[in-house]
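So the structure is just underneath, and the comments pick up after that.
The values are calculated or read from the model by the stated rules, or taken from the named source; none is laboratory data. What you see is a predicted model; the values in this text were computed from it and never measured. Cβ placement follows ideal geometry from the backbone for every residue including glycine, while neighbour counts extend to all protein chains displayed. Surface accessibility is based on the protein's heavy atoms, side chains included, excluding ligands, DNA and RNA. Shrake-Rupley method; radii C 1.70, N 1.55, O 1.52, S 1.80 Å.
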Amino acid sequence: MENNVFISHEHAKHICDKMQYGEAKFSERIKLSIRLAWCKLTRTYSKKNSRLTSSIKEAEMNCLKDAEREKLQRQFEKERRKL
Amino acid sequence: MTPNHKIDPNHWITLYSDYLFNYTISRVNDREIAQDLVSETFLSGLKSMDNFRGKASERTWLTSILKRKIIDYYRKINSNKGKAEVRMQYNTTSESEGDWLEERVADSFDTSAEGVIENAELGDAIYDCMSKLPKKQAHIFKLKTILGYDTETLCNELDITTSNLWVQIHRARTALATCLEKNWFKA
């Protein structure tokens, strides 16, 4: 990936994704800010991406952990054999 | 309507456990109770498979069973709560006579209920969109985004490279954002 402060749209999207998880480095955030300042396409992507992140946070989503799902599967199979 | 949905319990846990769990926990707010209710739902589904007419999808059918389980759960805890309230002592002085009824019966001023329902529905919509993703992509997205795995652990656990992980995440996010745009924000 480029060392330059000017990055491609693809690279900008990658940084934007990492930012949603708080995993973008400081230098990457600067590069993304520069790109966002002049690229409408990147801004659109960033806006959509951030909206998805806030929707997920707002929905307070939950899912089973792998171990919990395995337990559920075992219980299910056990009951199934009884039928 | 002609029945066109088939029933196949072999894939129920893989396909529907997360959706049903999320549906439940947003309504009962307790992880263990949610797991029990989901487990009971699958078992009831197994026992009443003969009643499946194929007019709705398996997931809709299982969700309708789950809804009844949730209602039963609340009925049960409310009846226990009712019994407890009968034993409560009320102030019987003449000055405050009559106050207790209003104080105890009136709903507290709570505007958050609507928001809670909307959040639960948003969660359902996100799960709907997730169910349309390729299996591997949905799994990676779920581990990273909902369960909050860090990148290194996730890559080690799934034996994939970091760049592959981000490609999968990117594809999942793009598809989900488009799906939500169409089915939630514009609906």
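What the table shows:
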read-out	value
Leading residue at positive end of dipole, the range B:115-187 (Cβ point charges), from B:175, B:149, B:117	B:175
For the protein assembly as shown, Cys with no neighbouring Cys Cβ under 4.7 Å	A:16, A:39, A:63, B:155
Gain in span if fully extended, residue B:185 to residue B:132, counting 0.36 nm per residue against the direct Cα distance	17.3 nm
Interface size A-B, as summed buried accessible area [1.4 Å probe, Å², nearest 100]	3700 Å²
Apportionment of accessible area to carbon and sulfur, the range B:1-82, percent (1.4 Å)	49 percent
Three-way shape label, the range A:1-46, alpha-carbon gyration tensor, a/c 1.5	oblate
Separation of the residue B:156 and residue A:40 label points, Cα + 7 Å toward Cβ, nm	4.7 nm
Helix A:26-38 vs. chain A, principal-axis angle (Cα, 0 to 90°, nearest 10)	70 degrees
³J(HN,Hα), Karplus 6.51/-1.76/1.60, whole Hz, each residue of the range A:66-77, x for Gly, Pro	3, 5, 5, 5, 4, 4, 4, 4, 5, 4, 4, 5
Distance violations [Cα-Cα > 32 Å] among A:82/B:67; A:57/A:78; A:13/A:57; A:48/B:55	A:57/A:78; A:48/B:55
Residue-by-residue Karplus 3J(HN,Hα) for the range B:146-154, coefficients 6.51, -1.76, 1.60, Hz, glycine and proline x	8, 8, x, 4, 7, 4, 4, 4, 5
Overall form of the protein assembly as shown per C-alpha gyration tensor (a/c, 1.5; a/b vs b/c)	oblate
